[in-house]
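Undergrad: Questions regarding the structure given below will be posed in turn.
Here, each number is a calculation from the coordinates, and none is a lab measurement. Here the structure is a predicted model, which means the values were calculated and not measured. We place every Cβ from the backbone using ideal geometry, glycine too, and count neighbours over all the protein chains shown.
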Amino acid sequence: MPRAHVLPHVTVAHPVPFNHQKYGIIEVSMPSHLVCFNPSCRATYPITEVIYTCPKCGGLLEAAAPELAQTPAQLKKIWRERRMNNAPIDQSGVWRYREFINFLGDESHIVTLREGNTPLLSGPKAAKYAGLNHVVFKHQGFNPTGSFKDNGMTCGASQAMRLKMRRVACVSTGNTSASMAAYASAAGLDPIIFIPNGNISYGKLAQALEFGAKTFQVDANFDQILALVRTLAGKLGIYLLNSINPFRIEGQKTIMLEIMDQRDWKVPDWVVLPGGNLGNVSAFGKALREMKALGFIDKMPRLAVVQAEHSAPFYHYMKHGGSGEFASVTKPETLATAIKIGDPVSWPKALLEITTTNGVVEMATEQEIADAKAQIGLAGIGCEPASAATLAGIKKLVAAGVIDKTADVIAVLTGNVLKDPDYIYKYHTGKLEAPDGSFIRSTYGNQPIEVPNDPDKIAALL
Ligand SMILES: *Cc1c(COP(=O)(O)O)cnc(C)c1O
Ligand SMILES: [Zn+2]
């Protein structure tokens, strides 16, 4: 991994007419290419090269910024009109914005389950809990497999199709494997999944099994298994769809595009999201920089990333100024398994995006996450544990005066409430045990009540 401290120079093409070609119905100026993210390298590679990091320097890769044939006003209108079309790629909340994810060239490779199209939900009670006047949740749990991973996976799986790969693989603490299994099977590819032993919620594992993935439980932690799988992928010609895959990031950019579209391009003050491998914050920041440079928005929202207390290497890094060695957490712990990551692959990208948006990084304890999650539930919305780190983080940032109580705040709920029912039941019944062996207080507990079959006795309890 590169340990880059210098921010790369950000260039985005100017939106003037190019000698664009028509690839199927995707009109782009030219097929995109891969660029090394390391500012002192910036080597470029053909978009069809099967690489996950820069062969020259080992840096992260990214797809080059889009070069548009239309003006922002034209595209905003086209994107709106596509919502009314029945074509699958227009109904997809990812491919609707395909001008911003133009790596594919030809739409015939696209595999879509109509991902995206997730709602903005207002949560007055949750806002009050966090000390805000108003908060809006962007609920990515409404996706086909119940998490934002679908926004990225539709792109990763489509690229696998274009590369004529037969098998795809990932290491995952849950949602990535559920999503990859679905998209690979939908595309007719063979999904192979590696999971760290005993570190996955049953909701997510069940999805992977149901969607037909060959699933290996390995007795090692996430980071060790990733190294193992990279070796295997190279040897056996398997396409890797881990967080490091730059095409997944391209798909996740559309979460930000869709938010702006749904708000008629009114930019919020803050966008808050949980941070694990830091791919999503990288995607949000890249989308915002591209939208700004291409004239779709006139200012940037501030990004706030929230990590779990004992899986918070990026929080600690940024707290110490965001420079010097990046220290990973050797034994990450949290019940919010989707953000239980000690060595986030995308931290150099996240550093750029937090810096560019004047963003912040916060952390939340197990208790804070659990209580915030219950509050999101009481708002009638619900989410999985990692997603609730947003509201927990907002509460702290409001209390610290970083987020103003009148601010226009979007909190991204990354996963569906049914992903981890075990956690919910234990929280409400006082049986939720933190990784350190202590019990989480069921502050907003809601126990089932055992009653006899007797209307008078039940009436007395109502
Ligand atoms: C993957 C995931 C995260 C973490 O996102 P990163 O891009 O790894 O930072 C958070 N919440 C949920 C529900 C996830 O599935
Ligand atoms: Zn490089």
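Undergrad: For a quick check: sort D420, D454, D261 by the number of other beta carbons within 10 angstrom, fewest at the front.
TA: In order of increasing Cβ crowding within 10 Å: D454, D261, D420.
Undergrad: Please determine, in degrees from 0 to 90 and to the nearest 10, the orientation of helix 222-236 with respect to the longest principal axis defined by the Cα atoms of the chain, where the helix direction is its Cα long axis.
TA: Helix 222-236 sits at roughly 40 degrees to that axis.
Undergrad: Summing -39500 (n - 2.57) over the DSSP H runs of n ≥ 4 in the chain and dividing by its residue number, what mean residue ellipticity at 222 nm do you reach, to the nearest 500 deg cm²/dmol?
TA: Per the formula, -11000 deg cm²/dmol.
Undergrad: I would also like to ask the following. Pairing rule first: another cysteine's C-beta must sit under 4.7 Å. Under that rule, which cysteines of the chain stay single?
TA: Cysteines of the chain left without a disulfide-compatible partner: C155, C170, C383.
Undergrad: Based on the Cα atoms of the chain, what semi-axes does the equivalent ellipsoid have, where each is the square root of 5 times one gyration tensor eigenvalue, given in whole Å with the largest first?
TA: Gyration-tensor ellipsoid for the chain: 34, 25, 23 Å.
Undergrad: For segment 340-374 and segment 195-230, what is the separation of their C-alpha centers, rounded to whole Å?
TA: Segment 340-374 and segment 195-230 have Cα centres spaced 23 Å from each other.
Undergrad: Taking Cα pairs under 8 Å and at least six residues apart, what relative contact order does segment 288-444 come out at, in percent?
TA: Normalised by residue count, the contact order of segment 288-444 is 21 percent.
Undergrad: Size of the dipole of segment 258-362 about the Cα centre, Lys and Arg at +1 and Asp and Glu at -1 on the beta carbon, nothing else charged, in debye to 20?
TA: Dipole size: approximately 120 debye.
Undergrad: Among C155, C36, which comes first, then next, by fewest other beta-carbon atoms within 10 Å?
TA: Ordered from fewest to most neighbouring Cβ atoms within 10 Å, C155, C36 come out as C36, C155.
Undergrad: Using alpha carbons only, how many degrees (0 to 90, rounded to 10) separate the axis of helix 366-378 from the longest principal axis of the chain?
TA: Helix 366-378 sits roughly 90 degrees off the main axis of the chain.
Undergrad: Could I ask something else about it? Cross-link partners among lysines for K204, C-alpha distance below 17 Å, same-chain residues fewer than 8 apart left out?
TA: K149, K214, K340, K419
Undergrad: If you line up the long axis of helix 279-293 against the longest principal axis of the chain, both from Cα atoms, how many degrees apart are they, to the nearest 10?
TA: So the helix axis and the longest Cα principal axis differ by about 50 degrees.
Undergrad: Taking Cα pairs under 8 Å and at least six residues apart, what relative contact order does the chain come out at, in percent?
TA: 16 percent
Undergrad: Something else now. Please name which of L335, V35, G93 has its Cα lying farthest along the dipole of the chain towards the positive end, using unit charges on Cβ (Lys, Arg +1; Asp, Glu -1) and the Cα centre as origin.
TA: V35
Undergrad: If exposed GluC sites (Glu not before Pro) are those in a DSSP loop with at most 14 other Cβ within 10 Å, what is the longest stretch of the chain that has none?
TA: Free of exposed loop sites, the longest segment is 50-324.
Undergrad: Calculate how many DSSP beta bridges within the chain are antiparallel, expressed in % of all such bridges and rounded to the nearest 5.
TA: Just about 35 percent of them are antiparallel.
Undergrad: Follow-up question, since we're still on this one. Just to confirm the filter: which trypsin sites (Lys or Arg not before Pro) across segment 161-238 are DSSP coil and have at most 15 other Cβ within 10 angstrom of their Cβ?
TA: K164, R166
Undergrad: Apply the a/c threshold of 1.5 to the C-alpha gyration tensor of segment 391-440 and tell me whether it is rounded, prolate or oblate.
TA: oblate
Undergrad: Then there's this: Order these by the 10 Å Cβ neighbour count, fewest first: L75, L241, L120.
TA: L120, L75, L241
Undergrad: Report, in listed order, any pair from K77/K373; K266/K395; K76/K319 with a Cα-Cα distance greater than 32 Å.
TA: Beyond 32 Å: K77/K373; K76/K319.
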